[in-house]
1. Binning at 20 Å from 0, report for the protein assembly as shown what percent of all alpha-carbon pair distances ends up in each bin.
2. Return the whole-Å distance between the Cα centroid of the range B:1-70 and the Cα centroid of the range A:275-291.
3. What residue among A:Val187, A:Val161, A:Val22 shows peak mean-square fluctuation when chain A is described by a Gaussian network model with Cα springs under 10 Å?
4. Just the number, please: buried accessible area between A and B, total of both chains, 1.4 angstrom probe, nearest 100 square angstrom.
5. What order do A:Met1, A:Met7 take when sorted by accessible area (1.4 Å probe), most exposed first?
6. Give the aspartates and glutamates reachable from B:Lys131 as a straight Cα distance under 12 Å; neighbours fewer than 8 places away on the same chain don't count.
7. From the protein chains alone at 1.4 Å, what is the descending order of accessible area for A:Met306, A:Met266, largest first?
8. Can you give the calculated 222 nm mean residue ellipticity of the protein assembly as shown, where each DSSP H run of n ≥ 4 adds -39,500 (n - 2.57) and the sum is split over every residue, rounded to the nearest 500 deg cm²/dmol?
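The values are calculated or read from the model by the stated rules, or taken from the named source; none is laboratory data. For clarity, every value in this text was computed on a predicted model and none was experimentally measured. In case anyone asks, the SASA skips ligands and DNA or RNA and just uses the protein heavy atoms, side chains included. Shrake-Rupley method; radii C 1.70, N 1.55, O 1.52, S 1.80 Å.
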Amino acid sequence: MGLIDQMRAGDRRALARLVTIVENGGDDGRRALAKLYQYTGQAHIIGVTGPPGAGKSTLVNEIALELRRRDASVGILAVDPTSPFTGGAILGDRIRMQPLGHDRSIFVRSMASRGQLGGIARATGDVVKVLDAAGFNAIIVETIGAGQAEVEIAREAHTTVVVEVPGLGDDVQAIKAGILEIADVFVVNKADREDAQKTQRHLQAMLQLGGVPREQWDVPIVMTVATRGEGVAQAVDAIQSHLQHLKAGGYFGERERQRVEREFRMILQGLALGLVQERVGAAQREAMVAQIQTRRIDPYTAAERMLAEALGVGEAR
Amino acid sequence: MERKIRVLVAKPGLDGHDRGAKVIARALRDAGMEVVYTGLQQTPQMIVDAALQEDVDVIGLSILSGAHMTLLPKVTQLLHAAGAADVLVVAGGIISDADAEILRREHGIAAVYGPGASTNEIVDFIRRSVKPERFSGAEV
Ligand SMILES: Nc1nc2c(ncn2[C@@H]2O[C@H](COP(=O)(O)OP(=O)(O)OP(=O)(O)O)[C@@H](O)[C@H]2O)c(=O)[nH]1
Ligand SMILES: [Mg+2]
């Protein structure tokens, strides 16, 4: 029996190993994905993002416990940044998730962001597929909200929860990260702090400025004190209502279609690049870069020529 | 394809501070490893559960409480029972030479480091000891 069958039979070690294989990518990773893809598409994928220290992990822990009370099994993927200098990482989200430790219906995995942009979304999306194929009802992905990477990861989720906290210079925060566009649910955590009402009002005003709600969904703002579990049931209500709304309104299928198409396109791009690298010598590619740099050719024409050369046809288009 | 050595750093037992564990965690990160840090007051069961979910190659345990002769063998026993005896376990802390010897010989602790050990030494040991085949070729 292969790892995927073992995982589907509930073997947590097989699941853990498959996550490693898929995270590492390469041929082994691709083979695994090809085999398990047929089992995906079942889970509710929930993204949780927000600034460092906002209480995301504490909240994810509480959300998972609440989902368990509602009889859902939960897979958690907690992503922390890789150090750009050393390539290493300290993954500390588990510290706040100790209460989840011994429940067999919960699985927590920490992951370093490793490569650059697109790569984070790729690896995260692929690991989510493994958890999905393992049969978890809900999958929560925690990422630090720091801009583009999170926007990309948010597009992998059905429901994106943006966690804000009082007193972080809210005005810039929300606009800067394009956070309004990705939030399906806002959580103002650390509501035990005095400025919490102000943050809530501010977000409210920002949402109203945004005009017509995307997908006819009024983004709710939920106040929580994650350390005491307060407001968590309301947060989970909001998360579950959002999924129901997507499905009832026919938006779910459209989102999935867009996501799948985006993924397909990204993979195609990667393959095309791989093909060029395989079939056109490094010296020739470098020469082309030099020509672009000295303005003797524009990058579009250069790319077309190179692709044509790799494909062995006169012109790529 | 990117392969990183993954290490779980934890502090079993009830004593209160985790400075040593954090120093090690940072040193391993700086050596390019991915360190899952789970913090204080971990029971052997919690440590092993986390190590299995995280599919780590190494468990690094920092222990100052004096309970090393009960806690450390418990960790390797649980790993063994879970079919995960291939996970390397190293320990650091205030452990006598005699105890260290017993831990290594009888309880499957791969290495024991005293308070004076250099982090380089630990990094080198892990790099040398993690078996490359852990990374490859399982049937999916
Ligand atoms: N006062 C207060 N503190 C909280 C609350 N929720 C979390 N905290 C504290 O905030 C700190 C950070 O919590 P985490 O859950 O680790 O935050 P995080 O957003 O996951 O942090 P990173 O993953 O490092 O970005 C911890 O000390 C928590 O105890 C809350 O509702 N109120
Ligand atoms: Mg966190």
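1. The calculated distribution, bin by bin, is 23, 51, 25, 2.
2. 45
3. Its mean-square fluctuation being the largest, the pick is A:Val22.
4. 3000
5. Heavy-atom accessible area, descending, gives A:Met1, A:Met7.
6. B:Asp57, B:Asp86
7. So, going from the largest accessible area down, we get A:Met266, A:Met306.
8. One gets -15500 deg cm²/dmol as the mean residue ellipticity at 222 nm.
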